[in-house]
Amino acid sequence: MLKIGNLSKSFGGLKAVSNLNIDIKDGELIGLIGPNGAGKTTVFNLITGVYEPTEGEILFRERKIDGLKPYQVTHRGIARTFQNIRLFADLNVIDNVKIAYHQHAKYSSLGAILRLPSYFKGEAEMEKKALELLKVFRLEGKAREVAKNLPYGEQRRLEIARALAAEPKLLLLDEPAAGMNPQETHELMELIRWIRDTFKLTILLIEHDMSLVMGVCERIYVLDYGTIIAQGGPDEIKSNPKVIEAYLGEEAI
Amino acid sequence: MHSITELLQQLVYGLSLGSIYALIALGYTMVYGIVKLINFAHGDVMMVGAYMGWIAITVFHFPFFPAILFAMIVAAIAGIIIERTAYKPLRNATRIAALITAIGVSLFLEYGGMLVVGAQMRTYPNVFPETMYNIGGIIFKFGDIVMLVTALVLMLLLHFTVQYTKIGKAMRASSFDMEAALLMGVNVNTTISATFAIGSALAAAAGVLYGIYFNSIDPLMGITPGLKAFVAAVLGGIGIIPGAMVGGLVLGITESLVSGFGASTWRDAVAFLILILVLIIKPSGLFGKNLREKV
Amino acid sequence: MKRVSILNRKNALTLFLVIVMYAVIQGLIVTDILPPLYTSTLIQVCVYVILAASLNLINGITGQFSIGHAGFMAIGAYLAGIVSVKFHGPLFLSLLVGGIVAAVAGFIVGLPTLRLRGDYLAIATLGLGQIVMIIFQNIDYFGGAAGMQVGRHINWSWAFWVTIISLVVIHNFVNSTHGRACISVRENEIAAEAMGVNTTKYKVLAFTLGAFFAGVAGGIYSNYMYFIQPTTFNFLTSFNILVMVVLGGLGSMTGSILGALIMTVLNVALSGIPSLRMVITALLLIIMMLFRPSGLMGTKEFNLNFLEKKGERNVA
Ligand SMILES: Nc1ncnc2c1ncn2[C@@H]1O[C@H](COP(=O)(O)OP(=O)(O)OP(=O)(O)O)[C@@H](O)[C@H]1O
Ligand SMILES: [Mg+2]
């Protein structure tokens, strides 16, 4: 599904990601962890075309995606959420979702201007799909509410719903549980597993909450100073001395 | 253009004009550096300065230097008033709201000025003797030399103020990182007011020089040089003081050369063309660094 | 599921009100009750309604910041004028050519400049508007700085219906997935791009469409005004349009219409005292930004939804 080879990214003198290799198979649920500033978000930004790699390549379903614009990457089938929530804050919940359906819209600007039948059909279909998706995330009751007025946990869920509306094959979640209480985190864990199975997705998620990562991920990559220092199943990772050191080292500061 | 002498002559004209642009551009750049606002009204502050100089010379019969000083002081006060009443309440508003306000202030000064002094042009008094120096076929007017020297002295003065005085250091700190400056005990409000005062004073000086250079003033005189000075500021890299000086001179010289080539009706278009090319090719200007939003 | 169709109560009522408005005014004109000055004002209202609505598409809906709209108006005015005067073309063609050439200009200009953000884009569009003006000043074919004689080829009926059609087109575009794509650019460009919206495409599309209608408005203007001059389309005109949009509320189409109406009437009423008029405009702008920066309407729309039964409500 996703194959990252020798990927590097420097910002000026700082090497945020260096010589990264990641290989993800169809249907896997993978965790990407590491201390603050390890370069995790940068990896997401590289995959989604926000940044161009300094070196290396990214293959998605056997095709090169590095060098594409972010929206093109999304069209290829990768959608993401953001660490610092980036909803369309002043729009209502359902419009947030509909915008992500835009690439699948079945009518043209001209169809919209002339209000051709294709417009009405397309809009009705989008409305239906959006509502179904909101139902999955228990947000259908808030469809007409303005996104920024939702509680934090619901904003996080809405961001995932929105990403799913793009109908991706690979979903990237950047700290989806950040700011959630243990109860919400637990529910989110269930939800993530459930959407992976229902939507037949591959998921790569960044998370600081170890219980979530260990509980839900089948395989984990550990990033420190831009390089992978360990990978494997949750139990392997837990007992890996390098990982312990990286995390303890951080705590010691 | 027929000869090297003519070319050099155009360069000399361009230098005078350019130094005026540079003086105005400095105000744009300083204000932008600190509050990230394109102060559209800056050209009109220059107009206010030009009128103050005109009043000082024709009504109070001041000689050149006291007149320019008078204009600078009045404009500095005007600058502070504008900042405090119109811009300060919007410091945390969107940049678009601030920009629209600046457009409003600009229109207010232009047409308010028209109500006060009338729409007609006024002839600027001749403050300098008509002496000319001919050096190798190139003509230097006495007035042009005084203007150039005045502009240079003011720029040097500004440079020393910004580099070595307390307020200058506060200005640099605030423009680098306003919040950090605040934490370090810089009085940001005073610093911003000082920036507007200094910028406006320089614009007023430019206004007096502009009036002398073109012999006439009117309430809308600030618009075109204001826009062009902005071009100069962008050209040099907005927020960068030496950039504004270089940008102003480059623009003045370019304009003189375009006029020299007999295309004077296109002169203004050239300035805007430069603006757009700079914005598209290197928005950070000749001396600026590119910055990107972090995701 | 909701029934969404063009034949709903709201659309029927809107159409009815529009026809009544037209009929009343047309009646007053035909019976010579309405003095010519008022007719001229009404046509100016039409011109500025189109200009404000089209600028709102760029600045309010798509969140870009163009302040050179008069440049596109000028292109439309001059080319429509040429079609009317030099080629004796029909009015419809005149307006269409004006709009299309303005749109082409908008596309060419938009492609490189729309990468710029906020105030940089503002200043670039301002510069472009001035360049357009200077170009017309320098081309003798268009009458140069002295201006161009156009004559009068349009009446109230044409102006009114062209305005209505323009508004319907803009409204239909905005209220569609393509309009939502534009709004997503305004709301959060990075997120929009990540959700698969080609932000550059929609910025350029909105800019081109906006330029097209500015061109059409310019065409109405020149076909009515007998005579046009490059300086008519200077940046003060651009600012004037901007004031209308901001006054009405960036992002609100009905707001733009309201803003255009208020400002045009104010401008005509105060045309005897031009300086004072501009001072009032200026103060209005400053006070607006200080006390109600979201304008009269914010991003909301005035609509007839409240007249409908619950559950039949259209999805905006
Ligand atoms: N656009 C940028 N310009 C310069 N440096 C950047 C940029 N983006 C990230 N960095 C730097 O790259 C490094 C890695 O950042 P990144 O955001 O990827 O870390 P992270 O692992 O996601 O950390 P966190 O857990 O805090 O989210 C950091 O040192 C950061 O400052
Ligand atoms: Mg991160």
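The values are calculated or read from the model by the stated rules, or taken from the named source; none is laboratory data. Since the model is a prediction, treat every value here as computed from it, not as a measurement. Note that we place each Cβ from the backbone using ideal geometry, even for glycine, and neighbour counts take in every protein chain shown. We work out accessible area using only protein heavy atoms, side chains counted, and drop any ligands, DNA or RNA first. Shrake-Rupley method; radii C 1.70, N 1.55, O 1.52, S 1.80 Å.
Take the range A:44-74 and flag every residue that is more than 11 Å from chain C (Cβ to nearest Cβ), crowded, with 23+ Cβ neighbours inside 10 Å and either away from ligand 2 (no atom under 16 Å from the Cβ) or modelled with pLDDT under 95 (or both).
A:Ile58
Among residues belonging to the range C:162-206 that are part of a loop (DSSP other than H, G, I, E, B) and of a type in the set (A, V, I, L, M), point out the one that is farthest from the other protein chains (Cβ to nearest Cβ).
Step by step, filter the range C:162-206, then rank; the result is C:Val197.
In the range B:26-63, how many are without any contact (Cβ under 8 Å) to a residue 24 or more places away in the chain and not in a loop (DSSP other than H, G, I, E, B)?
So the answer is 2.
Residues B:Ile138, B:Ile192, B:Ile145, B:Ile167: which one is more than 14 Å from chain C (Cβ to nearest Cβ), of a type in the set (Val, Ile, Thr), open to solvent by less than 70 Å² (accessible area, probe 1.4 Å) and without any contact (Cβ under 8 Å) to a residue 24 or more places away in the chain?
One residue alone meets the criteria, B:Ile145.
Looking only at the range B:49-81, which residues are surrounded by 24 or more Cβ atoms within 10 Å (Cβ to Cβ) and more than 11 Å from B:Val208 (Cβ to Cβ)?
B:Gly79, the sole residue that qualifies.
Can you spot a residue in the range C:36-59 that is open to solvent by 40 Å² or more (accessible area, probe 1.4 Å), more than 18 Å from C:Ala159 (Cβ to Cβ) and without any contact (Cβ under 8 Å) to a residue 40 or more places away in the chain?
Scanning the range C:36-59, I find no residue that is open to solvent by 40 Å² or more (accessible area, probe 1.4 Å), more than 18 Å from C:Ala159 (Cβ to Cβ) and without any contact (Cβ under 8 Å) to a residue 40 or more places away in the chain, so the answer is no.
Taking B:Asp218, is it at pLDDT 90 or above, within 13 Å of chain C (Cβ to nearest Cβ) and open to solvent by 20 Å² or more (accessible area, probe 1.4 Å)?
yes
Residue check: is B:Leu115 farther than 30 Å from C:Arg117 by Cα, within 14 Å of chain C (Cβ to nearest Cβ) and without any contact (Cβ under 8 Å) to a residue 40 or more places away in the chain?
The answer is yes for B:Leu115.
When you check A:Leu29 against the structure, is it more than 16 Å from ligand 2 (Cβ to nearest atom), under 21 Å from A:Ala230 (Cα atoms) and surrounded by fewer than 24 Cβ atoms within 10 Å (Cβ to Cβ), yes or no? Quick ask: steps written out before the conclusion?
On the way: more than 16 Å from ligand 2 (Cβ to nearest atom): yes; under 21 Å from A:Ala230 (Cα atoms): yes; surrounded by fewer than 24 Cβ atoms within 10 Å (Cβ to Cβ): yes.
For A:Leu29, the condition - more than 16 Å from ligand 2 (Cβ to nearest atom), under 21 Å from A:Ala230 (Cα atoms) and surrounded by fewer than 24 Cβ atoms within 10 Å (Cβ to Cβ) - is met.
Inspect the range A:186-194 for any residue being touching a residue at least 12 places away in the same chain (Cβ under 8 Å), β-branched (Val, Ile, Thr) and more than 16 Å from ligand 1 (Cβ to nearest atom) and give the result as yes or no.
Looking through the range A:186-194, at least one residue is touching a residue at least 12 places away in the same chain (Cβ under 8 Å), β-branched (Val, Ile, Thr) and more than 16 Å from ligand 1 (Cβ to nearest atom).
Can you report the number of residues in the range C:185-205 which are farther than 14 Å from A:Ala166 by Cα and open to solvent by less than 20 Å² (accessible area, probe 1.4 Å)?
Restricting attention to the range C:185-205, the residues satisfying the condition of being farther than 14 Å from A:Ala166 by Cα are C:185-190, C:199-205.
So of that shortlist, the ones also open to solvent by less than 20 Å² (accessible area, probe 1.4 Å) come out as C:185, C:199, C:202-204.
Of the residues in the range C:185-205, 5 are farther than 14 Å from A:Ala166 by Cα and open to solvent by less than 20 Å² (accessible area, probe 1.4 Å).
So which of C:Thr254, C:Thr232, C:Thr264, C:Thr200 ends up being touching a residue at least 24 places away in the same chain (Cβ under 8 Å), under 30 Å from A:Thr74 (Cα atoms) and β-branched (Val, Ile, Thr)?
Of C:Thr254, C:Thr232, C:Thr264, C:Thr200, the one residue that is touching a residue at least 24 places away in the same chain (Cβ under 8 Å), under 30 Å from A:Thr74 (Cα atoms) and β-branched (Val, Ile, Thr) is C:Thr200.
Before we move on, is A:Leu171 away from ligand 1 (no atom under 16 Å from the Cβ), under 18 Å from A:Ile30 (Cβ atoms) and within 14 Å of another protein chain (Cβ to nearest Cβ)?
Yes: the conditions hold for A:Leu171.
With the range A:35-118 as the region, which helices (runs of 4 or more DSSP H) entirely inside it contain at least 1 residues that are basic (Lys, Arg) and within 16 Å of ligand 1 (Cβ to nearest atom)?
Those helices (runs of 4 or more DSSP H) span A:40-47.
Taking only the range B:151-164 into account, find how many residues are of a type outside the set (Gly, Ala, Ser), in contact (Cβ under 8 Å) with a residue 40 or more places away in the chain and open to solvent by less than 60 Å² (accessible area, probe 1.4 Å).
Residues meeting the conditions: 4.
So which of A:Arg115, A:Arg80 is buried (at least 16 other Cβ atoms within 10 Å of the Cβ) and within 16 Å of ligand 2 (Cβ to nearest atom)?
Numbers: A:Arg115 fails: within 16 Å of ligand 2 (Cβ to nearest atom).
Of A:Arg115, A:Arg80, the one residue that is buried (at least 16 other Cβ atoms within 10 Å of the Cβ) and within 16 Å of ligand 2 (Cβ to nearest atom) is A:Arg80.
Going by what's in this entry, would B:Lys228 be described as among the basic types (Lys, Arg), open to solvent by less than 40 Å² (accessible area, probe 1.4 Å) and over 22 Å from B:Gly143 (Cα atoms)?
Considered against the rule, which asks whether it is among the basic types (Lys, Arg), open to solvent by less than 40 Å² (accessible area, probe 1.4 Å) and over 22 Å from B:Gly143 (Cα atoms), B:Lys228 comes out as yes.
When you scan the range A:22-43, do you find a residue that is of a type outside the set (A, V, I, L, M) and in contact with a Gly (Cβ under 6 Å, 6 or more places away or on another chain), even just one?
Of all residues in the range A:22-43, those of a type outside the set (A, V, I, L, M) come to A:23, A:25-28, A:31, A:34-37, A:39-42.
Adding the requirement that they be in contact with a Gly (Cβ under 6 Å, 6 or more places away or on another chain) leaves A:39-40.
For the range A:22-43, residues of a type outside the set (A, V, I, L, M) and in contact with a Gly (Cβ under 6 Å, 6 or more places away or on another chain): present.
Which residue is nearest to the other protein chains (Cβ to nearest Cβ), if the candidates are limited to the range A:130-168 and must be open to solvent by 20 Å² or more (accessible area, probe 1.4 Å) and within 17 Å of A:Ala79 (Cα to Cα)?
The selected residue is A:Glu167.
If you check C:Phe213 against the conditions, is it within 14 Å of chain A (Cβ to nearest Cβ), in a helix (DSSP H, G or I) and either surrounded by 21 or more Cβ atoms within 10 Å (Cβ to Cβ) or on the phi > 0 side of the Ramachandran plot (or both)?
Details: within 14 Å of chain A (Cβ to nearest Cβ): yes; in a helix (DSSP H, G or I): yes; either surrounded by 21 or more Cβ atoms within 10 Å (Cβ to Cβ) or on the phi > 0 side of the Ramachandran plot (or both): yes.
Considered against the rule, which asks whether it is within 14 Å of chain A (Cβ to nearest Cβ), in a helix (DSSP H, G or I) and either surrounded by 21 or more Cβ atoms within 10 Å (Cβ to Cβ) or on the phi > 0 side of the Ramachandran plot (or both), C:Phe213 comes out as yes.
So which pairs qualify, if the first residue must be in the range B:4-23 and in a helix (DSSP H, G or I), the second must be surrounded by fewer than 18 Cβ atoms within 10 Å (Cβ to Cβ) and of a type in the set (Asp, Glu), the Cβ gap must be under 8 Å, and the two must be at least 6 apart or on different chains?
That search, which allows pairs on different chains as well, returns nothing.
Which condition number does A:Leu205 fail, the rest of (1) crowded, with 21+ Cβ neighbours inside 10 Å; (2) within 16 Å of ligand 1 (Cβ to nearest atom); (3) over 13 Å from the mean Cα position of the chain (by Cα) being met?
Checking A:Leu205 against (1) crowded, with 21+ Cβ neighbours inside 10 Å; (2) within 16 Å of ligand 1 (Cβ to nearest atom); (3) over 13 Å from the mean Cα position of the chain (by Cα), the one that fails is (3).
Take A:Leu20 and decide whether it is aliphatic (A, V, I, L, M), within 13 Å of ligand 1 (Cβ to nearest atom), closer than 21 Å to A:Val222 by Cα and modelled with pLDDT under 95.
yes
When you scan the range A:177-190, do you find a residue that is crowded, with 20+ Cβ neighbours inside 10 Å, within 16 Å of ligand 2 (Cβ to nearest atom), under 14 Å from the mean Cα position of the chain (by Cα) and within 14 Å of another protein chain (Cβ to nearest Cβ), even just one?
no
Kindly indicate whether any position in the range C:72-86 is without any contact (Cβ under 8 Å) to a residue 60 or more places away in the chain, open to solvent by 50 Å² or more (accessible area, probe 1.4 Å) and not hydroxyl-bearing (Ser, Thr, Tyr). Break it down into steps so the answer makes sense when it comes.
As a first pass, look at the range C:72-86 and keep what is without any contact (Cβ under 8 Å) to a residue 60 or more places away in the chain: C:83, C:86.
Narrowing further to those that are open to solvent by 50 Å² or more (accessible area, probe 1.4 Å): C:86.
Those left that are additionally not hydroxyl-bearing (Ser, Thr, Tyr): C:86.
Yes, some residue in the range C:72-86 is without any contact (Cβ under 8 Å) to a residue 60 or more places away in the chain, open to solvent by 50 Å² or more (accessible area, probe 1.4 Å) and not hydroxyl-bearing (Ser, Thr, Tyr).
Looking at B:Ala119, B:Ala180, B:Ala170, can you tell me which residue is part of a loop (DSSP other than H, G, I, E, B), more than 16 Å from B:Ile24 (Cα to Cα) and small (Gly, Ala, Ser)?
Residue meeting the stated conditions: B:Ala119.
Between a first residue in the range A:1-29 that is of a type in the set (Val, Ile, Thr) and a second residue that is part of a loop (DSSP other than H, G, I, E, B) and within 16 Å of ligand 2 (Cβ to nearest atom), which pairs have beta carbons less than 6 Å apart while being 6 or more apart in sequence or on different chains?
Matching pairs, first to second residue: A:Val17/A:Gly39; A:Val17/A:Gly226.
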